[in-house]
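The values are calculated or read from the model by the stated rules, or taken from the named source; none is laboratory data. Please read these numbers as outputs of a predicted model, since none were measured by experiment. No Cβ is skipped: glycine too gets one built from the backbone with ideal geometry, and neighbour counts run over all protein chains shown. These area figures cover heavy atoms from the full protein model, side chains too; ligands, DNA and RNA do not enter into them. Shrake-Rupley method; radii C 1.70, N 1.55, O 1.52, S 1.80 Å.
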Amino acid sequence: MSDPRPIGIFDSGLGGLTVTRAIRERLAQEEIIYYGDTARVPYGSKSRDTIIRFTREALRFLREHEVKCVVIACNTASALALDAVREEVGVPLLGVIEPGARAAVATTRARKIGVIGTTATIASDVYAQAIHRLDPHITVYSQPCPLLVPLVEEGWTDREATRLIVAEYLQPLRTARIDTLVLGCTHYPLLAGVLQEYMGPEVALVDSAQTCAAELEELLTARGLRAPGGPGEETFFVTDMAARFAELGARFLGRRLQAIKVVGHE
Ligand code: DGL
C-alpha cells in the first residue's frame, strides 16, 4: 500500500524547518506542504486561546491541500493546541511533545530530565506531564528560555552574549545534575553546540525534531501511507515575509528553499 498525497507540516514560522529537515533525511520520496505563520510568529508568548485559533486556521489550510497527515512541528502549538484540535483534523496528527518525551525517558539514567522551551510551552507543563505518564519517578526540571528564539533568528548561535544567556537559563538545571535535556523548541537544535558546551558532555541532548521524524516514518509505514515514488516536491507557504523566510530558512533547513508562496491567514 502507498499514498502519494503530501505530508503537511505546520509551524509558527520558520523553526519547523528543523523538523522538515529531519523528516527529509528519513523520507526523501514524500511530497511536503509547509505552512509557516510568519505574520504572527512568535506563538511562544501568546495565550492558549490564541494559539488554538491560529493552529485551527493552519490545519484548515493544510487540509484544503489534501494532506495525508499533519505534523505540528511547533512545540508551542503542540503543547497548547494539539489536544484541542486532534479530533477535528480527519487525518493522523503528530506533534513533537510525545516523541520528545519518549526519547528523553529512554535516554535518562539518573531519572532527572531538563526541559527548555518557550514561555507558553513550559507554562503548559505538557512535557513534564508526558514524561510522568511514562515514568512517574522521573524528576523534571522545566525552564522557559524566551530570549533564545530571537538570538537564533539573529544568527547568534555562537556568540559570547548567547553563552551568557544560556548559562543564566541553564544554571539551575546544571545544579540539579540532570543527565538529559529536551530541546523543546524548534529553534534550539541550532544552539546544540552552546547548550552542550554549558551542560557538559555527560548530558544528552534530546532533539524533538529527530524523534518526531522517526515517529512519522513509523506511522506512515504502519498505516501504508508511504509515498510510492520520489523525490518528493516541497512547497512552503508563509503568511508574510517570504524573503526573510528564504534567507533565514536556509540555515534551518541546511539548504536553499525552493517554491515559497505567501498566503493570507485563512
Ligand atoms: N516554533 C516555536 C516553538 O517550537 C518557537 C517560535 C515561537 O515562539 O513561535 O515553540
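Given the residues 166, 152, which is the only one that is in contact with a Leu (Cβ under 7 Å, 6 or more places away or on another chain) and either more than 24 Å from residue 247 (Cβ to Cβ) or open to solvent by 40 Å² or more (accessible area, probe 1.4 Å) (or both)?
Numbers: 152 fails: either more than 24 Å from residue 247 (Cβ to Cβ) or open to solvent by 40 Å² or more (accessible area, probe 1.4 Å) (or both).
After ruling out the rest, the residue left standing is 166.
Give me the pairs, please: first residue somewhere in the stretch 153-179 and on the phi > 0 side of the Ramachandran plot, second residue anywhere and outside any helix (DSSP H, G or I) and modelled with pLDDT of 95 or more, beta-carbon distance under 7 Å, and either six or more positions apart or on two chains.
Pairs that qualify, where the first residue is on the phi > 0 side of the Ramachandran plot and the partner is outside any helix (DSSP H, G or I) and modelled with pLDDT of 95 or more, are 177/110; 177/112.
In the stretch 79-96, which residue that is closer than 20 Å to residue 6 by Cβ and within 11 Å of the ligand (Cβ to nearest atom) is surrounded by the most Cβ atoms within 10 Å (Cβ to Cβ)?
This residue is 96.
Between 264, 224, which is more than 16 Å from the ligand (Cβ to nearest atom), in a loop (DSSP other than H, G, I, E, B) and either in contact with a helix residue (DSSP H, G or I) (Cβ under 6 Å, 6 or more places away or on another chain) or closer than 21 Å to residue 26 by Cα (or both)?
224
Going through 250, 243 one at a time, which residue ends up being in contact with a Lys or Arg (Cβ under 9 Å, 6 or more places away or on another chain), among the hydrophobic types (A, V, I, L, M, F, W, C) and assigned to a helix (DSSP H, G or I)?
Details: 243 fails: in contact with a Lys or Arg (Cβ under 9 Å, 6 or more places away or on another chain).
After ruling out the rest, the residue left standing is 250.
Return a yes/no flag: does the stretch 226-245 have any residue that is free of Cβ contacts under 8 Å to residues at least 12 places away in the same chain and surrounded by 12 or more Cβ atoms within 10 Å (Cβ to Cβ). Break it down into steps so the answer makes sense when it comes.
Step one: list which residues in the stretch 226-245 are free of Cβ contacts under 8 Å to residues at least 12 places away in the same chain, which gives 243.
Add one more test, that the residue is surrounded by 12 or more Cβ atoms within 10 Å (Cβ to Cβ), and what stays is none.
Looking for residues that are free of Cβ contacts under 8 Å to residues at least 12 places away in the same chain and surrounded by 12 or more Cβ atoms within 10 Å (Cβ to Cβ), one finds none in the stretch 226-245, hence no.
For the stretch 8-55, give me each residue that is near the ligand (Cβ under 9 Å from one of its atoms) and charged (D, E, K, R).
Result: 11, 37, 40, 46.
How many residues does the stretch 1-60 contain that are part of a loop (DSSP other than H, G, I, E, B), within 16 Å of residue 118 (Cα to Cα) and of a type in the set (S, T, N, Q)? First the steps, then the outcome.
First pass over the stretch 1-60, keeping only residues part of a loop (DSSP other than H, G, I, E, B): 1-6, 12-16, 27-31, 37-47.
Then drop every residue that is not within 16 Å of residue 118 (Cα to Cα), which leaves 12-16, 40-47.
Now narrow it down to the ones that are of a type in the set (S, T, N, Q): 12, 45, 47.
The total comes to 3.
Go through 257, 170 for me and flag whichever is under 15 Å from residue 116 (Cα atoms) and in contact with a helix residue (DSSP H, G or I) (Cβ under 9 Å, 6 or more places away or on another chain).
Details: 257 fails: under 15 Å from residue 116 (Cα atoms).
From the options 257, 170, the qualifying one is 170.
Take residue 120 and decide whether it is in contact (Cβ under 8 Å) with a residue 12 or more places away in the chain, within 15 Å of the ligand (Cβ to nearest atom) and open to solvent by less than 40 Å² (accessible area, probe 1.4 Å). Even if it seems obvious, please write down each step before you answer.
On the way: in contact (Cβ under 8 Å) with a residue 12 or more places away in the chain: yes; within 15 Å of the ligand (Cβ to nearest atom): yes; open to solvent by less than 40 Å² (accessible area, probe 1.4 Å): yes.
Taking the combined requirement at face value, the residue satisfies it.
Any chance the stretch 67-77 includes a residue that's in contact with an Asp or Glu (Cβ under 8 Å, 6 or more places away or on another chain), over 20 Å from residue 49 (Cβ atoms), surrounded by fewer than 22 Cβ atoms within 10 Å (Cβ to Cβ) and without any contact (Cβ under 8 Å) to a residue 60 or more places away in the chain?
Checked the stretch 67-77: no residue is in contact with an Asp or Glu (Cβ under 8 Å, 6 or more places away or on another chain), over 20 Å from residue 49 (Cβ atoms), surrounded by fewer than 22 Cβ atoms within 10 Å (Cβ to Cβ) and without any contact (Cβ under 8 Å) to a residue 60 or more places away in the chain.
I'd like to know if the stretch 25-43 contains one or more residues that are over 19 Å from residue 82 (Cα atoms), crowded, with 24+ Cβ neighbours inside 10 Å and at pLDDT 95 or above.
yes
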